[in-house]
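Working notes for the structure below.
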Amino acid sequence: MTDKDKYRLLCNTEKSIPLFSRDWWLDIVCGEANWDVLWIEQKGQVQAVLPFYVPYKGLKTGFRQQRKGFISMPPYTQTMGPWFAPIAKDTKYTTELGLRQALCKQFTERLQSYTFFLQNFHYDITDWLPFYWQGYKQTTRYTYILSLTDTEKVWDNMSQHTRRNINKAQEKLQIKVIKGIPVDDFLQIVKKTFKRQGKSSIPNTSILKKIIISCREREQGDIWGGYDEVGNLHAAIFVAWQESAAYYIAGGGDPAYRDSGAHSLIMWEAIRFTADKSELFDFEGSMLPGVERFFREFGAKQIPYFTISKGKRSLLHRAYLKVKSLV
């Protein structure tokens, strides 16, 4: 049994593995043959794992060595990074930290054969020192997280601007929120948003479709849309979830109805729905000022996470990833 086979079995039983690191998610966003895992065990018990994406499958034989040395983030995947097996609750902090650093040291040793590495680590990973000690670099990024234990408290903590938008869409404009709208309608809305932002197309459209279909089959994701009284779709979002957290994956709005408040309303309805499914709602964050403000005004807490990297991408690597994103 390979380490990847062991990891698939682990994903079937271990609830603490984040959504974006689960085998079925990686099969979709990476392709089944384009991801692997570093596996550390002791006395037959898993200690830690590090799934990773190698995007250069399918190139000509002449590029084989270059392809092997490139690890990056797959599309529609916010974070990956190490996963550590749960330990006893009464373990001393110094013991836990030392153990995790020793395990990460093993990961860095096994990653030495790769010429480039880039991953966004899950926000639970707060110590990247073992990677720093081996020459890796770190960039801090931010997401926004809501606790879903009390949706009334979520409402109270929202900005007045967001609450006004929700009330405007619901009461004044009679926007109707529908869960489970057609995928093609959702993609049309997202396409309009990208066009408004000066982008020619939605990146990795086929992958996004597969994610939505799979999440629906697993009852772990769906699309919310906001329609006016004559049937115009103002905005739509796709949210995926597991027990630990729900994630805003993608969304958009029709530029003709940007001021209707529909985007805020459907987000609020998705938050209320996933409160029965998950402990947290993760907006996935954004470094764009307008998007960051939209998330922040829902009252979510700003949480940092680390982008860890080492090496440089060649022009060939960059060109390949750009072309692949158009598929």
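The values are calculated or read from the model by the stated rules, or taken from the named source; none is laboratory data. In this text, all values refer to a predicted model and were calculated from it rather than measured experimentally. Methodologically, a virtual Cβ is constructed for each residue, glycine included, from the backbone with ideal geometry; neighbour enumeration extends over all protein chains shown. Areas reflect the complete protein model, heavy atoms only, side chains present, ligands, DNA and RNA absent. Shrake-Rupley method; radii C 1.70, N 1.55, O 1.52, S 1.80 Å.
Applying 1/(1 + (r/R0)^6) with R0 = 35 Å to the Cβ-Cβ distance of residue 258 and residue 139 gives a FRET efficiency near 0.65.
The charge dipole of the range 18-171, taken about its Cα centre with unit charges on the Cβ of Lys, Arg, Asp and Glu (plus for the first two, minus for the last two), comes to roughly 600 debye.
The alpha carbons of the range 77-137 occupy a box of 40, 25, 17 Å along the principal axes, longest dimension given first. Solvent exposure of the chain, expressed per residue, is 52 Å² of accessible area, with all protein chains present and a 1.4 angstrom probe. Multiplying the residue separation of residue 174 and residue 9 by 0.36 nm and removing their Cα-Cα distance gives an extension gain of 54.7 nm. Residue ranking by accessible heavy-atom surface, 1.4 Å probe, largest first, among 173, 265 comes out as 173, 265. Can you send over the carbon and sulfur percentage of the accessible area for the range 80-146, probe radius 1.4 Å, protein chains only? Summing carbon and sulfur atoms, their accessible area is 52 percent of the total for the range 80-146.
For residue 305, the amide hydrogen comes within under 5 Å of the amide hydrogens of 141, 142, 143, counting only partners 5 or more places away or on other chains and with H modelled in the peptide plane. Over all directions, the projected convex hull of the C-alpha atoms in the chain averages 18.1 nm² in area.
For the range 210-240, trypsin sites (Lys or Arg not before Pro) meeting the loop criterion (DSSP other than H, G, I, E, B) and having at most 16 other Cβ atoms within 10 Å: 218.
Exceedance of the 29 Å cut-off in Cα-Cα distance is limited, within the set 15/191; 192/312; 210/312; 15/179; 43/89; 179/199, to 15/191; 192/312; 210/312.
The stretch between residue 229 and residue 129, if pulled fully straight at 0.36 nm per residue, gains 30.5 nm over its current Cα-Cα span. Computed from the C-beta positions of residue 167 and residue 288 and an R0 of 25 Å, the FRET efficiency is 0.45 to the nearest 0.05.
For the range 217-222, 3J(HN,Hα) computed residue by residue from phi via the Karplus equation (6.51, -1.76, 1.60; θ = phi - 60°) reads 4, 8, 6, 10, x, 6 Hz, glycine and proline entered as x.
In a reduced charge model with +1 at each Lys and Arg Cβ and -1 at each Asp and Glu Cβ, the range 133-254 shows a dipole moment near 620 debye about its Cα centre. The stretch between residue 213 and residue 160 holds 15.5 nm of extra length on full extension. This uses 0.36 nm per residue minus the Cα-Cα distance.
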